[in-house]
Amino acid sequence: MVDAAARRLAGLDNKIVGVFTYEHALSPQMMDFYGPLLNGLERAAERLGCDLLFFTGTPTESGSKRIFHPATRLRLADGCILLGKEMHSGDLTRLVKESFPFVAVGRRDELGVPYVGIEYISLTTSLLSAAAERGHTEAVYVHQDKDTPSSNDRLAAIDNAESDGLLRISKTSVEARSIQEIAGQLTSSRATLAIVEDLYDAIDLVAALSDLGIAVPDDLSLAVLAEVNGHRVGDRQLSGFNLPREHIASEALELLQSLLLAKDTDAPATQTLLHGSIQIGETLVPTKGEL
């Protein structure tokens with residue numbers, strides 16, 4: 001795949017940047033994730049004087065898309081921004097091998113992949129420390145059992161908190177048990193805190209606990225390892241993360257432009273992790289012994 005590189009060498013840049021999403025980005029259930037990212041890309045493209053080409057022709061197969069599907073017109077763009085909760089490792093490796101300019105939004109482990117993402121380990125540790133400061137010693141981590149860098153970073157922070165004696169944390173997966181089963185497990189455990197990886201799993205868990213007569217946070221505190229800004233359960237603001245997702249997307253597009261303009265001798269740094277902040281909200285409260 002040399003089309004984009006050949007155009008740049010000939011001074012014939014289209015000033016078109018592709019945007020590829022591994023899931024349907026504009027469905028109601030995905031807009032909370034993709035909306036800020038797309039907004040950040042649009043604003044950055046206007047500032048940088050380029051147009052965005054949204055690749056929508058690739059069909060979804062088994063819940064995901066593949067960038068190298070014959071329907072993807074990748075060569076129309078000078079480079080591409082990749083977005084997705086779960087990216088296909090083989091796609092990224094092939095893009096690197098074929099020297100097609102791209103930037104992934106989210107940390108990646110594949111060799112040579114340029115990315116802009118969130119530093120989740122320290123962010124998760126900060127939220128766990130806030131829970132410990134409020135007297136919590138026993139917690140349950142409800143996760144999605146996904147083998148992605150961001151999920152693995154959250155899990156690493158959970159394991160570190162356990163090994164450091166900050167909290168005792170048991171783990172349960174929504175892939176192995178239903179939310180209703182997990183709610184039942186929580187009612188019979190000694191945990192005073194539920195830590196949930198996914199925002200919508202957290203909302204469903206609160207509803208399932210309510211059905212069992214367990215109120216959040218009066219009977220059980222809850223913290224989410226995801227963006228919670230503006231999200232509430234009942235009249236309570238969720239506790240979790242504030243993530244600079246618009247800024248991440250803007251940085252990704254600026255990095256891609258730098259890669260497009262750089263010569264081999266002065267290529268910019270291609271891997272960046274940005275910092276979010278924790279939001280204590282109203283669902284993470286002191287244990288009764290700390291009141």
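The values are calculated or read from the model by the stated rules, or taken from the named source; none is laboratory data. Please read all numbers here as calculations on a predicted model, not as lab measurements. Here the Cβ is made from the backbone with ideal geometry for all residues, glycine too, and neighbour counts use every protein chain on show. What goes into the accessible areas is simple: the full protein's heavy atoms, side chains included, and nothing from ligands, DNA or RNA. Shrake-Rupley method; radii C 1.70, N 1.55, O 1.52, S 1.80 Å.
Structure data summary
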| quantity | calculated |
| --- | --- |
| Count of Lys pairs (Cα-Cα under 24 Å; at least 8 positions apart or interchain) in the chain | 11 |
| Environment charge at ASP198 (Cβ cut-off 12 Å; Lys +1, Arg +1, Asp -1, Glu -1) | -4 |
| Mean accessible surface per residue for segment 143-278, computed with a 1.4 Å probe while every protein chain stays in place, in Å² | 48 Å² |
| For segment 66-78, Karplus couplings with θ = phi - 60° (6.51, -1.76, 1.60), whole Hz, Gly/Pro x | 10, 5, 9, 5, x, 7, 7, 8, 4, 6, 6, 9, 6 |
| For SER239, distant residues with modelled amide H under 5 Å away | VAL224, GLU282, THR283, LEU284 |
| Hz values of 3J(HN,Hα) by residue in segment 184-195 - Karplus curve (6.51, -1.76, 1.60), Gly and Pro given as x | x, 4, 5, 5, 9, 9, 8, 5, 9, 9, 9, 10 |
| Cα centroid separation, segment 25-62 to segment 69-136 (Å) | 15 Å |
| Cα-based equivalent ellipsoid of segment 109-188: semi-axis lengths in Å, sorted from largest, via gyration tensor | 25, 19, 9 |
| Per-pair calculated FRET efficiency, R0 = 41 Å: THR287 and SER64 via Cβ, rounded to 0.05 | 0.50 |
| For GLY112, distant residues with modelled amide H under 5 Å away | none |
| Percent accessible area from carbon and sulfur atoms, the chain, protein chains only, probe 1.4 Å | 49 percent |
| Under 10 Å, Cβ to Cβ, from ALA44 - net charge with Lys/Arg +1 and Asp/Glu -1 | -3 |
| 5 angstrom amide H check on CYS80, placed H, neighbours 5+ away | GLY18, PHE102, VAL103 |
| Spin-label pair LEU274/ALA207, simplified geometry with 7 Å Cα→Cβ offset, distance in nm | 3.1 nm |
| Where N is the number of residues in segment 143-270, Cα Rg divided by 2.2 N^0.38 Å | 1.36 |
| Backbone HN-Hα couplings from phi across segment 162-169 [Karplus 6.51/-1.76/1.60, Hz, Gly and Pro as x] | 5, 5, 7, x, 6, 8, 9, 10 |
| Rounded FRET efficiency, nearest 0.05, which uses the C-beta distance separating ALA156 from SER99 and R0 of 41 Å | 0.80 |
